[in-house]
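Worksheet: the structure to be examined is printed underneath.
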Amino acid sequence: MGSIFRSESMTLCQLFLSSEGSYNCVSEIGEIGLVQFRDLNPDVNAFQRKFVHEVRRCDEMERQLRYLEKEMQKDSVPILDTGENPEAPQPREMVDLEATFEKLENELREVNANAETLKKNALELTELKHVLNITQHFFKEVSTPFFIP
């Protein structure tokens, strides 16, 4: 297996793929890790490109994974490092992954919001406890008569 360095010999190839088989072909080529894609239509607006919706879905899933990773690191949860890149999932598997990531993100945000609310309530209750202790001490002092000899 080679690498992508300047001194490495390279070949420029142009692929013509049908829409049905393009995902599988590009994912197989990408698994090799020695491919660099070049945009042959740099003037085309991003909204006019064919697979914009899929790319945006992948971007959203990547954002969700970054959020989950950040939260795991914040709570010192160990992350398993397999040392290898997983294979590209099939489009039907992407829908399942998307739903799973969205569910995990929503649950984690809800847990974080509940934890924040609990911390806030605990602080308020601690404050009220101290206020009650101070007022109780105050009323004990006031209710005991002063003895002047």
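The values are calculated or read from the model by the stated rules, or taken from the named source; none is laboratory data. Model, not experiment: these values are computed from the prediction. Cβ coordinates were reconstructed from backbone atoms using ideal geometry, including for glycine residues, and neighbour counts include every protein chain displayed.
Residue count for the stretch 61-93, restricted to those that are free of Cβ contacts under 8 Å to residues at least 40 places away in the same chain and more than 22 Å from SER22 (Cα to Cα): 18.
Of the residues that sit in the stretch 12-34 and are among the hydrophobic types (A, V, I, L, M, F, W, C) and part of a loop (DSSP other than H, G, I, E, B), which one is nearest to VAL55 (Cα to Cα)? It would help to see each step written out before you state the result.
Start the filter on the stretch 12-34 by keeping residues that are among the hydrophobic types (A, V, I, L, M, F, W, C), which leaves 12-13, 15-17, 25-26, 29, 32, 34.
Imposing the further condition that a residue be part of a loop (DSSP other than H, G, I, E, B) reduces the set to 12-13, 15-17, 34.
Working: LEU12: 24, CYS13: 23, LEU15: 20, PHE16: 20, LEU17: 18, LEU34: 21 Å.
Out of the qualifying residues, it is LEU17.
Being loosely packed, with under 10 Cβ neighbours inside 10 Å, modelled with pLDDT under 85 and over 22 Å from SER19 (Cα atoms) is true for just one of PHE47, PHE146. Which residue is that? Answer to the selection: PHE146. Is it true that some residue in the stretch 113-123 is of a type outside the set (A, V, I, L, M) and either touching a residue at least 60 places away in the same chain (Cβ under 8 Å) or closer than 30 Å to SER22 by Cα (or both)? No - not one qualifying residue is present in the stretch 113-123.
When each of ASN85, ASN41, ASN24 is tested for being modelled with pLDDT under 85 and closer than 26 Å to GLU102 by Cβ, the lone residue that passes is ASN85.
Taking the stated definitions as given, is PRO42 over 15 Å from the mean Cα position of the chain (by Cα) and exposed (fewer than 10 other Cβ atoms within 10 Å of the Cβ)? Full working, then the answer.
Values: over 15 Å from the mean Cα position of the chain (by Cα): yes; exposed (fewer than 10 other Cβ atoms within 10 Å of the Cβ): yes.
Spelling it out, PRO42 is indeed over 15 Å from the mean Cα position of the chain (by Cα) and exposed (fewer than 10 other Cβ atoms within 10 Å of the Cβ).
Got at least one residue in the stretch 35-56 being closer than 13 Å to ALA88 by Cβ, touching a helix residue (DSSP H, G or I) at 6+ places or on another chain (Cβ under 6 Å) and not in a loop (DSSP other than H, G, I, E, B)? Looking through the stretch 35-56, none of the residues is closer than 13 Å to ALA88 by Cβ, touching a helix residue (DSSP H, G or I) at 6+ places or on another chain (Cβ under 6 Å) and not in a loop (DSSP other than H, G, I, E, B).
Within the option set GLU102, GLU62, GLU116, being in a helix (DSSP H, G or I) and either surrounded by 12 or more Cβ atoms within 10 Å (Cβ to Cβ) or in contact with a strand residue (DSSP E or B) (Cβ under 6 Å, 6 or more places away or on another chain) (or both) holds for one residue only, GLU102.
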